[in-house]
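Written out below as structure tokens is the structure these notes cover.
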Amino acid sequence: MRGDDFRVSPELRKLCLEDFRAERERQVKQKPAPEAKSKDCEVVFGVAPCFLALTQGRRRVRKLFVKDGEASHRASVLKVCEEAHLRGVRVHRVSRKELDKMSNGGVHQGVCLLASPLSYLTEDSAPSRKDAPLWLVLERIHDPMNLGAILRSAYFLGVDRVASSLRYTCPLSPVVSKASSGIMEVMGVYGYENLAEMLKLKMEQGWQVVGTVGQEAEVSQMPITKCSDFKMTKPTLLLMGGEGEGLSKELLSTCQTLLTIPAGRELVPGIESLNVSVATGILLHSLLSSRSSTT
């Protein structure tokens, strides 16, 4: 989220600064300690995640913590404070050290928000588009940075749904939200106990299941297609496997097509694959571009 996206009027800036001074004087007298996380709360950190957590209304928000000093005068930070004021959320001025502790050393950009956690969605209530929808299905993504980057790409490129296994997958944490630039606050992620059963059900409804493998992968009796040669003409589920392991044998057995991203040069041994978030972005762009050209 760019700083020029947040233009704050002189009146608002003056109002916010006056509120900050009054709040700081009150805190100096009372000397309250920053509230610790509990089971029903967690600390969202970073300008974009905090701003979107406030505006999207998917969390129950309790308190906003802002770094004391010049950083709190930035337009982006003042915009977050404005949203907090509009929603009756108290704004607390604290030190950078306190914010560092609340965010566990994460890049908080001077703002932290105490709020209820987000979970995977389990009720299938969202309608699908009528033409050729694309669902991104994630299996065993362990790294929250990768998950956040994947969500950001999926949202930007226009994926209709992101689904994930609930087992052996990282939770929808504040780290994921920060890595997604706050997209996790906007885009719901669906969780499934058994991805194989969900895939079989969608296949019965006419969907195609597309898996992903490395260029040198050996999969018996199944052709591997370059992603640039694949045309998406029907409802599709794109499967992405976890870091290092790829897709499990169980999910590979459900695939009707396997896609790969061809390398642009001869690769040094040991560097035969892409990071899962990068590969996901390339494959999503390829599939969604082919859908646009066929509709």
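For region 159-235, run through the trypsin sites (Lys or Arg not before Pro) and keep only the ones in DSSP coil with at most 15 other Cβ atoms within 10 Å of their Cβ. Walk me through the numbers before you get to the answer.
Details: sites: 161, 167, 178, 200, 202, 226, 231; in loops: 167, 231.
Loop-located and lightly packed - 167, 231.
With a 10 Å radius around each residue's Cβ, average the other Cβ atoms per peptide and rank 132-138, 257-263, highest first.
On the way: 132-138: 22.4, 257-263: 16.7.
Most protected by this proxy first, the peptides run 132-138, 257-263.
Given a 1.4 angstrom probe, what's the average accessible area per residue across region 39-115, in square angstrom?
Details: 3360 Å² over 77 residues.
Result: 44 Å² of accessible area for each residue.
So, in nm, how far is label residue 186 from label residue 40 when the simple model puts each one 7 Å beyond its Cα toward the Cβ?
3.0 nm
Beyond a 19 Å Cα-Cα separation, which of these cross-linked pairs lie in this structure: 202/226; 200/234; 200/226; 101/178?
Numbers: 202/226 24 Å; 200/234 16 Å; 200/226 24 Å; 101/178 16 Å.
Beyond 19 Å between Cα atoms: 202/226; 200/226.
Hey, rough spin-label estimate for residue 256 and residue 285, points 7 angstrom out along Cα→Cβ, what's it come to in nanometres?
Result: 2.7 nm between the two label points.
The values are calculated or read from the model by the stated rules, or taken from the named source; none is laboratory data. In this text the structure is predicted, and so the values were computed from the model without any measurement. Ideal geometry is used to build each Cβ from the backbone, glycine not excepted, and the neighbour counts take in all protein chains shown. Areas reflect the complete protein model, heavy atoms only, side chains present, ligands, DNA and RNA absent. Shrake-Rupley method; radii C 1.70, N 1.55, O 1.52, S 1.80 Å.
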